[in-house]
Amino acid sequence: MYFFVNDYNSICYPQILDALKEAIDEKNPGYGTDPHSENARKLIKKALGDENVDIYLLPGGTGANIIGAAAGMRQQDSILSANTGHIEGHEAGSIEATGLKIELIEAENGKLTKDSIKKSYQTFTTEYMTVPKKVYISNTTELGTLYKKKELEEIYAYCRANDLYLFIDGARMAAALASEKCDYDLKDLTKLCDIFYLGGTKAGLLFGEALVVVNNELKKDMNNLIKQKGTMLAKGFISGIMWETVFKDQDFYLKGSKKAYQMAKILADCLDKKGYKLAYPFESNQIFVILDDNQLEKWQKIAQFEITGEKEDKKIIRLVTTFRTKEEEIKGFLEEI
């Protein structure tokens, strides 16, 4: 049976296992103070082209979202997010558990715009409401779409002009950067937001995300916040070894995501030729297909995937490719449907 459920279904790159095995007899200090973590942060800064950022290696996406959301915020502050935002429907209220409210904005294809943010922000006018202080976006979005550079520049300019922080959930940042439709690279990211992270869990690592703090206002007491929210690893050197491995060669971090995109592109193009309708534009390693009941029943006998919603009285299903997806798997699946 073909597997298209998610992009974290494999253990990790073999090179990471090799690096961990090579370090098996080492004794390292904890909490990210080890030489591997220090070198990993150095290598990531070099890849980003920015020595002034602070980098924290966190265990997972939920923790990274909690820290990214909570940094620099007061209890009366709130976060503006697309109604499809990951922090709204996929984090079990963990953001709200920090005492912060998420204020939702209707978004087309999962993306916020400068105008949609402006329209929402201007409605917060009295003391009976929260005080928007941060804008949250994910790249790629939950619908597989990605932001263009001009869109990010416009959003960030509006945020700066209105004393709002911009936080980018980068769990699938590698998938965004690997897309042929992306018009920016790693070195642009620190100029487009105040805080973001590079995803590892969904990009071939065992686990983990690299949180990048750009805005100096958000850097203060970050280690205390990370510790308080339970996202500080005692064995931080494991994360250090993994990130050190994928950034020793700057092309390595995106290598698997580029493979995933190419496999998704073949799949999306062939589905289009076969007459299937996509629910959202194809832009990354996530493909959302509209199926009627008969098609759904047939596909479920062939492959594993998620049903994510409904449209036109039909089901929307999601197909996700990874760094391990093979072209023969794609072709085999297409033949069977």
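The values are calculated or read from the model by the stated rules, or taken from the named source; none is laboratory data. Quick caveat: nothing in here was measured; it's all calculated off a predicted structure. Neighbour counts are summed over all protein chains in view; Cβ atoms, including those assigned to glycine, are modelled from backbone coordinates with ideal geometry. To get the accessible areas, we keep the full protein, side chains included, count just its heavy atoms, and leave off ligands, DNA and RNA. Shrake-Rupley method; radii C 1.70, N 1.55, O 1.52, S 1.80 Å.
Hey, can you grab everything whose amide H is under 5 Å from the amide H of GLU306? Only 5+ residues off in sequence or another chain; H modelled, so Pro and N-termini drop out.
Those lying under 5 Å, H to H, from GLU306 are ARG318.
From the backbone phi of segment 235-241, what are the Karplus-calculated ³J(HN,Hα) couplings (6.51 cos²θ - 1.76 cosθ + 1.60, θ = phi - 60°) in whole Hz, Gly and Pro given as x?
8, x, 5, 5, 4, x, 4
What's the ranking of 321-327, 223-229, 243-249, 79-85 by average number of surrounding C-beta atoms within 10 Å, highest first?
Going from most to least packed, we get 79-85, 243-249, 321-327, 223-229.
With every protein chain left in place, what is the accessible area of TYR121 in Å² (1.4 Å probe, nearest 10)?
Answer for TYR121: close to 60 Å² accessible.
Trypsin sites (Lys or Arg not before Pro) within segment 64-140: which are DSSP loop residues with at most 14 other Cβ atoms inside 10 Å?
Those satisfying the criteria are ARG74.
Quick one: length gained pulling ASN216 to GLU96 fully straight, 0.36 nm per residue minus the C-alpha distance?
Difference between extended and current length: 40.7 nm.
Return P(r) of the chain (all Cα-Cα pairs; 20 Å bins starting at 0; whole %; ordered from short to long distances).
Per 20 Å bin, starting at zero, the Cα-Cα P(r) for the chain comes out as 31, 57, 12 percent.
Determine which lysines satisfy two conditions relative to LYS227: a Cα distance under 18 Å, and not lying fewer than 8 residues away in the same chain.
Leaving aside lysines fewer than 8 places away in the same chain, those within reach of LYS227 are LYS219, LYS235.
Arrange the peptides 298-308, 35-45 so that the one whose residues have, on average, the most other Cβ atoms within 10 Å appears first.
Peptide ranking by packing, descending: 35-45, 298-308.
Taking the Kirkwood radius as the inverse of the mean 1/r across Cα pairs, report the Rg/Rh of segment 80-188.
0.96
When DSSP assigns beta bridges and you keep just the ones with both residues in the chain, what percent turn out antiparallel, to the nearest 5?
Antiparallel: roughly 55 percent of the beta bridges in the chain.
For segment 106-222, what proportion of DSSP beta bridges, expressed in % and rounded to the nearest 5, is antiparallel?
Taking every DSSP beta bridge within segment 106-222, about 45 percent pair in antiparallel fashion.
How big is the gap, in Å, between the Cα center of segment 30-83 and the Cα center of segment 153-172?
Value for the Cα centre distance between the two parts: 15 Å.
Would you mind giving the three semi-axes, in whole Å and largest first, of the ellipsoid equivalent to segment 269-317 according to its Cα gyration tensor?
They are 16, 13, 11 Å, listed from largest to smallest.
Take the alpha carbon atoms of segment 85-130, find their center, do the same for segment 247-272, and report the distance between the two centers in whole angstrom.
31
With a point put 7 Å past each Cα toward its Cβ, work out how far LEU104 is from GLU180 in nm, to one decimal.
So the two model labels end up 3.5 nm from each other.
State the percentage of accessible surface on segment 107-243 attributable to carbon and sulfur atoms; use a 1.4 Å probe and exclude ligands, DNA and RNA.
48
Let a ≥ b ≥ c be the square roots of the eigenvalues of the Cα gyration tensor of segment 187-323; is it rounded (a/c under 1.5), or, if not, prolate (a/b larger than b/c) or oblate?
Since a/c reaches 1.5 and a/b is larger than b/c, the shape of segment 187-323 is classed as prolate.
Applying 1/(1 + (r/R0)^6) with R0 = 35 Å to the Cβ-Cβ distance of GLU297 and LYS27, what FRET efficiency is obtained, to the nearest 0.05?
Efficiency, from the Cβ-Cβ distance: 0.05.
Just to confirm, what accessible area per residue do you get for the chain at 1.4 Å probe, in whole Å²?
Result: 46 Å² of accessible area for each residue.
Only helical DSSP H runs with n ≥ 4 go in: add -39500 (n - 2.57) per run for the chain, normalise by residue count and round the 222 nm mean residue ellipticity to 500 deg cm²/dmol.
Theoretical 222 nm ellipticity from helices: -11000 deg cm²/dmol.
With only Lys, Arg, Asp and Glu charged, each at its Cβ (+1 for the first two, -1 for the last two), find how big the charge dipole of segment 100-205 is about the Cα centre; round to the nearest 20 debye.
Approximately 120 debye in magnitude.
So between LYS149 and ASP272, what do we pick up on full extension, going 0.36 nm a residue minus the alpha carbon distance?
Between LYS149 and ASP272, full extension yields 41.6 nm more.
³J(HN,Hα) across segment 161-176 via Karplus (A = 6.51, B = -1.76, C = 1.60, θ = phi - 60°), whole Hz, x for Gly/Pro?
So the Karplus estimates, Gly and Pro as x, are 5, 10, 6, 10, 7, 10, 10, 10, 6, x, 3, 10, 4, 4, 5, 5 Hz.
For a Förster distance of 41 Å, can you work out the FRET efficiency between the beta-carbons of LYS248 and THR130, rounded to the nearest 0.05?
0.40
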